[in-house]
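Colleague: Got a structure here, written out as structure tokens. Questions coming.
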Amino acid sequence: MTPSATHTRPASVLTIAGSDSGGGAGIQADLKTFAAHGVHGLSALAALTAQHTRGVTAVHVPPVEFLDAQLDACFEDFDVRAVKLGMLASAAVIETVARALERHRPAQVVLDPVMIATSGARLLEESALQALRTRLLPLATVVTPNLPEAELLLGWKITDLAAMSQAAAALRALGAPAVLLKGGHLAGTGEVVDILADADGEQRTAHPRLLLEAHGTGCTLASAVAANLARGLPLRAACAAAVDYVHAALRGGYRPGKGDVVVLDHFATLPGR
């Protein structure tokens, strides 16, 4: 990532998301993931949370004018190759982000539709759900929901792999060009299957299920996909590599707080670890 003698700007990836004061998810996880993938990380804070390994205790949404200023500052000075969207708590925030994306037209947009925290806390206002569907899904290169998020977007339950496949297709019908549907919440299976649905059909990636409660997996996966796209990987390779990265980070995970939640080791795949 070191610039050459001609001072060529490195590839940058911008995360537009919420801050996690506990360091396990959100902006903090995104920036660690970008660093592990060798790209320069940028951030625009769309929300601030007071949280730790036992839950979210408070959420603050800064004025949208300040978010807009952060976005323009990043796009005006850096070579933004990809954007990762995370926690966008309100319809006003979503509209602000959508307008910025339409102004600056980044080549790659990875949408992680953050709605519910690991603790169960609701992180998306009810009025924002429709704005997410209509404003952000069509602007995304790929959307990366987990099963509860996909169920909220679609309005029906997902109970097995066949339903996952149908859900991914239904989300594409809402306007997303590609959907990486995460299967970690699918009960009763010894492995986790993630389904990527795109214009060419489906790609499935499977890993053994790890028996632990983890924090920040969704943020990390979407950020890894964005970093891989910024590095020039095609979508299917970017998603498969991102899934492998998250699995390795989970295997190396640790418990920094008093709760049982595992935080990912974002640098587990680096040489010497």
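Colleague: Above 22 angstrom, tally the Cα pairs of the chain and express them as a % of all pairs, no decimals.
Modeller: Details: 19676 of 37128 pairs.
Here the tail beyond 22 Å accounts for 53 percent of pairs.
Colleague: So which residue, out of PRO145, PRO256, PRO113, gets the largest mean-square fluctuation from a GNM of the chain using Cα contacts under 10 Å as springs?
Modeller: It is PRO256.
Colleague: In the chain, if the dipole is taken from +1 on Lys/Arg beta carbons and -1 on Asp/Glu beta carbons about the Cα centre, which of LEU180, LEU264, GLN70 is farthest to the positive end?
Modeller: The residue sitting farthest along the positive end of the dipole is LEU264.
Colleague: Between ALA162 and GLU191, what length in nm is gained on full extension when 0.36 nm per residue of separation is reduced by their alpha carbon distance? Let's see the in-between values first.
Modeller: Values: separation 29, 0.36 × 29 = 10.44 nm, distance 1.53 nm.
Extra length available between ALA162 and GLU191 comes to 8.9 nm.
Colleague: Using only DSSP helix segments of four residues or longer, with each worth -39500 (n - 2.57), what per-residue ellipticity at 222 nm results for the chain after dividing by its residue count and rounding to 500? List each step's numbers first, then the result.
Modeller: Working: 8 runs with 95 residues, N = 273.
Theoretical 222 nm ellipticity from helices: -11000 deg cm²/dmol.
Colleague: Moving to a separate point now. Give the calculated FRET efficiency between ARG105 and PHE78 to the nearest 0.05, with a Förster radius of 25 Å applied to their Cβ-Cβ distance. Numbers along the way, then the final one.
Modeller: Working: r = 15 Å, r/R0 = 0.58.
Step by step, r from the Cβ atoms, then E = 0.95.
Colleague: If we count every other residue with Cβ under 12 angstrom of VAL261's Cβ, Lys/Arg +1 and Asp/Glu -1, where does the sum land?
Modeller: Values: positive: ARG54, ARG255, LYS258; negative: ASP20, GLU213, ASP260.
Around VAL261, the charge tally is 0.
Colleague: Hey, what's the per residue convex hull volume over the C-alpha atoms of the range 152-273, in cubic angstrom? Spell out each step's value before the answer.
Modeller: On the way: hull volume 14.8 nm³, N = 122.
In the range 152-273, the Cα hull volume divided by residue count equals 121 Å³.
Colleague: Using a Gaussian network model of the chain whose springs link C-alpha atoms within less than 10 Å, name the residue from ALA241, ALA140, ALA230 with the highest mean-square fluctuation.
Modeller: Of ALA241, ALA140, ALA230, the most mobile in the Gaussian network model is ALA241.
Colleague: List the trypsin sites (Lys or Arg not before Pro) within the range 115-224 that DSSP assigns to loop and that have no more than 12 neighbouring Cβ atoms inside 10 Å.
Modeller: Numbers: sites: ARG122, ARG133, ARG135, LYS157, ARG172, LYS182, ARG204, ARG209; in loops: LYS157, LYS182, ARG209.
The qualifying sites are LYS157.
Colleague: Next question, about the same structure. Taking Cα centroids, how far is the range 168-240 from the range 46-99 in Å?
Modeller: Centre-to-centre distance over Cα atoms comes out at 22 Å.
Colleague: Determine the relative contact order of the range 93-227: mean sequence separation of Cα pairs under 8 Å and six or more apart, normalised by residue count, in whole percent. Working shown, then result.
Modeller: Values: 202 pairs, mean separation 30.3, N = 135.
Reported as a whole number, the value is 22 percent.
Colleague: Further question on the same structure: Most exposed first by the Cβ proxy, i.e. fewest other Cβ within 10 Å, how do LYS258, LYS32 rank?
Modeller: On the way: LYS258 9, LYS32 23.
The order, fewest Cβ neighbours first, is LYS258, LYS32.
Computed from the coordinates by the stated procedures, all read-outs in this text should not be read as laboratory data. Bear in mind that the values here come from a model prediction, so they are computed numbers and not experimental data. With ideal geometry, Cβ positions are generated from the backbone for all residues, glycine too; neighbour counts draw on all protein chains shown.
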